[in-house]
Amino acid sequence: MKAVAARDGKAAVIEADAPELKEGHVLIRTEFSGISPGTEMSIIRASAGKSVMMGYSAVGWIEELGEGVTEYEIGQRVACYGSPFVKHAEKLAVPTNLIASVPEHVTSQEAAFAGLGAIAIHALRIADLKFGESVLVVGLGILGNLVAQIASAAAYRTVGLDVSSERVELLKQQGLPHVFDRTEDLEQQLEALTDGHGFDSIILCAGGSGEELINNSFEWLRDRGSVVIVGNLTMEFSRAAMFKKEARVLISRAGGPGRYDKQYEKENRDYPVGYVRWTEGRNVGEYVRLLSERRISVLPLITDQFKLDEAHHAYEKYESDSKILASLIQY
């Protein structure tokens with residue numbers, strides 16, 4: 001089968017072995033897969049002298065059921081998440097813990113970003129916000145945009161910040177009025193936006209050097225609030241600024257509990273709801289529910305769609321055009 005890999009600093013379409021169908025897994029014929037630009041461009045840049053399969057978020061049709069699978073049917077359309085099972089490839093063998101059924105009225109293009117949706121939802125769960133509390137989302141690429149949309153759908157007081165005026169305008173068009181492209185404008189309205197307390201939580205979806213951004217976040221934060229790191233930021237910051245607020249600095253890892261757990265993923269052993277309410281798989285299902293109920297929208301974010309054989313062009317565009325938010329590979 002054909003798949004997309006990072007090879008010697010570039011993206012390439014390669015021939016790969018078809019996946020083996022194991023107990024508790026389903027075989028999926030991929031329809032679309034969503035590109036995660038931050039993660040995948042980093043993999044490409046680090047791929048000198050080696051070949052690394054890419055991708056972790058897709059949608060497709062079940063072609064075969066593994067032993068013990070009873071809750072899904074052949075021909076059912078599902079969203080799926082999680083490397084090494086999900087990748088940019090024509091066929092995927094995925095444990096049922098990492099898939100969710102997609103209703104007819106939900107587009108496959110939007111469902112293909114289920115992995116990023118789960119990551120966005122988990123970031124908000126790490127922030128542990130309560131009804132009526134406020135959140136600032138910094139960095140409004142596709143992941144930050146999703147975090148902000150989902151936070152707004154949950155009725156949190158949601159504010160966005162990005163240096164790109166285009167990304168700010170896009171989020172405003174999606175119904176969020178308080179979005180800024182200058183920190184000065186944010187700071188001018190900070191008291192009114194937070195009732196004078198500062199934000200309850202700040203979720204950082206930006207990448208690069210984090211020192212200035214994290215220190216600024218401490219200033220914008222309420223007493224004993226939290227800063228949640230989602231993007232690939234360096235972690236230098238002022239102890240004094242953190243101490244002043246007794247702030248919590250947290251990191252959000254992937255799509256939720258179960259990620260990197262061999263028993264949950266490879267062996268398909270789910271956690272009881274009474275002990276682990278929200279797993280990475282259940283977060284995938286919640287992302288699909290938000291799409292189904294039209295509480296969020298991903299279609300306005302999708303800039304490009306590439307046939308599998310032309311997938312390398314997607315990464316070339318990410319390298320040269322910072323305005324691209326979301327791209328799909330079509331199979």
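The values are calculated or read from the model by the stated rules, or taken from the named source; none is laboratory data. If you're wondering where the values come from, they're calculated on a predicted model, not measured in any experiment. Here the Cβ positions follow ideal geometry from the backbone for every residue, glycine too, while neighbour counts run over all protein chains shown. For the accessible areas, the whole protein counts, side chains as well, though only heavy atoms, and no ligand, DNA or RNA atoms are used. Shrake-Rupley method; radii C 1.70, N 1.55, O 1.52, S 1.80 Å.
Among the candidates Leu328, Leu290, the residue that is in a helix (DSSP H, G or I), open to solvent by less than 60 Å² (accessible area, probe 1.4 Å), at pLDDT 95 or above and closer than 30 Å to Val69 by Cα is uniquely Leu290. Screening the candidates Ser217, Ser226, Ser252 for the property of being over 30 Å from Leu98 (Cα atoms), open to solvent by less than 90 Å² (accessible area, probe 1.4 Å), touching a residue at least 24 places away in the same chain (Cβ under 8 Å) and out of contact with any Gly (no Cβ under 8 Å at 6 or more places or on another chain) yields one hit, Ser217. In segment 159-168, the condition of being part of a strand (DSSP E or B), of a type outside the set (Gly, Ala, Ser) and more than 26 Å from Gly258 (Cα to Cα) is met by at least one residue.
Scan segment 264-280 residue by residue and report those that are of a type outside the set (A, V, I, L, M, F, W, C), without any contact (Cβ under 8 Å) to a residue 12 or more places away in the chain and open to solvent by less than 90 Å² (accessible area, probe 1.4 Å). Passing the criteria: Pro272, Gly274. Residues in segment 56-96 that are open to solvent by less than 10 Å² (accessible area, probe 1.4 Å) and of a type in the set (Ser, Thr, Tyr) were compared, and the one that is nearest to Ser108 (Cα to Cα) is Ser57.
Would you call Ala46 under 24 Å from Asn268 (Cβ atoms) and in contact with a strand residue (DSSP E or B) (Cβ under 9 Å, 6 or more places away or on another chain)? No: the conditions fail for Ala46. Among the residues of segment 301-325, the ones that are open to solvent by 70 Å² or more (accessible area, probe 1.4 Å), touching a helix residue (DSSP H, G or I) at 6+ places or on another chain (Cβ under 9 Å) and modelled with pLDDT of 95 or more come to 1 in all.
When you scan segment 179-268 for helices (runs of 4 or more DSSP H) that lie fully inside it, which ones turn up with 1 or more residues that are at pLDDT 95 or above and among the small types (Gly, Ala, Ser)? Can you show your working first?
Values: elements: 183-193, 211-220, 239-245, 262-265.
Filter on segment 179-268 gives 183-193, 211-220, 239-245.
Remark: pairs (first residue in segment 28-39, open to solvent by 10 Å² or more (accessible area, probe 1.4 Å); second residue modelled with pLDDT of 95 or more and charged (D, E, K, R); Cβ separation under 6 Å; 6+ apart in sequence or on different chains) = Arg29/Glu63.
Kindly provide the set of residues from segment 61-106 that are in contact (Cβ under 8 Å) with a residue 40 or more places away in the chain, assigned to a strand (DSSP E or B) and not hydrophobic (A, V, I, L, M, F, W, C), ordered by number. Show your work before the answer.
Applying the first criterion (in contact (Cβ under 8 Å) with a residue 40 or more places away in the chain) to segment 61-106 yields 64, 66-69, 72, 77-82, 85-103, 105-106.
With assigned to a strand (DSSP E or B) added as a condition, the list becomes 64, 77-81, 89, 91-95, 99-101.
Glu64, Arg77, Tyr81, Lys91, Pro95, Ser101 - these are the residues of segment 61-106 that are in contact (Cβ under 8 Å) with a residue 40 or more places away in the chain, assigned to a strand (DSSP E or B) and not hydrophobic (A, V, I, L, M, F, W, C).
A residue that is closer than 30 Å to Ser226 by Cα and part of a loop (DSSP other than H, G, I, E, B) occurs somewhere in segment 107-117.
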